[in-house]
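J.: First, the structure itself, so that you have it in front of you.
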Amino acid sequence: MLILGGFLIHTYWTELVILLGESWRILRETRIRYFTLAFLVYILSVYLFAVRWQNVLSCMGYDLKAKSLVPVIFGGIFANNLTPASRTGGEPLRIFWVKKQFGISYTNAFISILFERLVEAIPIVMILIYVLYSFPLLEIKFLPLRNSLTLNSTYLLILTFLAVGISIWGFRAKLNSLLKSVQKNWRQLKKSFIPALLLSSGVWVLDIIRLKLIALALNLPLSLHIIATVSILYLVLGSLPITPGGLGIVEGGLISILLYFGLPLASASSFVFLERFISFGLSSLIGFLYLFYYGGFKIWKNTKSH
């Protein structure tokens with residue numbers, strides 16, 4: 001990989017220098033107020049994650065404050081950014097952390113996180129449907145609810161359902177045990193369903209607002225369906241178990257989709273750089289500080305030993 005990377009850099013050195021120069025020019029003209037608002041919106045979304053988790057745990061009999069869970073959330077984000085596939089490192093860390101600090105059993109912590117993910121799937125599916133119906137490609141007659149659906153969107157929809165079906169079949173035994181755990185605790189959890197759904201929807205709305213603010217910071221005319229597509233693609237690419245935190249995969253995918261929508265390479269690269277600077281760089285820094293201050297690194301080592 002290093003040899004290939006060196007070869008590509010050597011081959012396209014002139015074009016790369018021009019691209020970096022143009023990107024630097026765009027970044028120097030960043031409107032700081034919009035970038036600052038984007039970062040604050042990200043912080044607010046993390047706080048909503050904490051409120052959602054606090055609400056679910058409250059229904060399970062644990063009296064916690066949302067602000068007490070914010071360090072745990074950020075610590076989980078830091079772990080996610082250092083492990084391949086989204087949440088493979090962060091969720092175990094969250095479970096061990098709340099066990100040690102708040103006395104929440106491993107089982108209840110796991111069930112609460114699983115319930116969060118199941119509820120969060122609802123707004124994700126809604127955004128995905130919107131993205132599929134808005135994707136501008138070859139139009140064909142397909143559904144009566146809309147005069148036309150794009151050909152590539154149809155293929156993407158079929159592939160999505162196929163992938164989900166294969167995943168469910170492959171992990172059916174594990175999924176059955178997980179769903180039984182949620183069903184067993186449903187009497188407690190159902191009280192938090194509506195709040196969790198509203199908070200999950202709010203987090204995704206904030207995610208779209210954050211991306212729009214980044215676009216405004218760079219004075220890029222990105223429409224709602226482009227922003228929604230980037231948001232969903234970020235989730236998908238970040239979940240691939242290839243590189244820590246999706247490094248390289250996420251950036252390449254997001255730049256490619258922005259190029260498809262007509263953005264110049266320098267503008268697309270600048271947009272992705274600012275987005276990742278917040279969601280990967282600053283979030284990792286905050287998570288690192290929380291882990292260092294609360295002794296979370298020792299807890300993280302314990303998760304690896306299990």
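The values are calculated or read from the model by the stated rules, or taken from the named source; none is laboratory data. All figures in this text were calculated on a predicted structure; none of them were measured in a lab. Backbone-built Cβ (ideal geometry, glycine too); neighbour counts: all protein chains shown. Areas reflect the complete protein model, heavy atoms only, side chains present, ligands, DNA and RNA absent. Shrake-Rupley method; radii C 1.70, N 1.55, O 1.52, S 1.80 Å.
J.: Can you compute 3J(HN,Hα) from phi for each residue in the stretch 54-64, using the Karplus curve 6.51 cos²θ - 1.76 cosθ + 1.60 with θ = phi - 60°, rounded to whole Hz and x for Gly and Pro?
T.: Going residue by residue, I get 4, 5, 5, 5, 4, 5, 9, x, 9, 9, 10 Hz, with x marking Gly and Pro.
J.: Moving on to the next point. Of D63, D207, which has the most accessible area and how do the rest follow, probe 1.4 Å? Walk me through the numbers before you get to the answer.
T.: Numbers: D63 150, D207 35 Å².
Highest to lowest solvent-accessible surface, that is D63, D207.
J.: Would you rank Y290, Y106 by solvent-accessible area, highest first, keeping every protein chain in place and using a 1.4 Å probe?
T.: The residues order as Y106, Y290, largest area first.
J.: Quote the relative contact order of the stretch 201-297 in percent (integer), defining contacts as alpha-carbon pairs under 8 Å separated by 6+ residues.
T.: 23
J.: Taking the Cα of F261, stepping 7 Å toward and past its beta carbon, and measuring to each backbone N in the stretch 268-293: which are under 16 Å?
T.: So the set is 268-276.
J.: Further question on the same structure: Using a 1.4 Å probe and ignoring any ligands, DNA or RNA, find the accessible area of T36 and quote it in Å² to the nearest 10.
T.: About 60 Å², ignoring ligands and nucleic acids.
J.: Shifting gears a bit: Through the Karplus equation 6.51 cos²θ - 1.76 cosθ + 1.60, θ set to phi - 60°, convert the phi angles of the stretch 28-36 into ³J(HN,Hα) values in whole Hz; use x for Gly and Pro.
T.: These are the phi-based 3J(HN,Hα) values: 5, 9, 4, 7, 4, 4, 6, 5, 4 Hz.
J.: Which parts of the stretch 265-280 would a label at R25 reach, counting a residue when its backbone N lies under 17 Å from a point 7 Å out along Cα-to-Cβ?
T.: 265-271
J.: ³J(HN,Hα) across the stretch 188-201 via Karplus (A = 6.51, B = -1.76, C = 1.60, θ = phi - 60°), whole Hz, x for Gly/Pro?
T.: Calculated HN-Hα couplings, in order: 7, 6, 5, 5, 9, 4, 5, x, 5, 5, 5, 5, 5, 5 Hz.
J.: Quick one: which residues, 5 or more positions from T243 or on another chain, have an amide H under 5 Å from its amide H? H modelled 1.01 Å from N in the peptide plane, none for Pro or chain starts.
T.: A85
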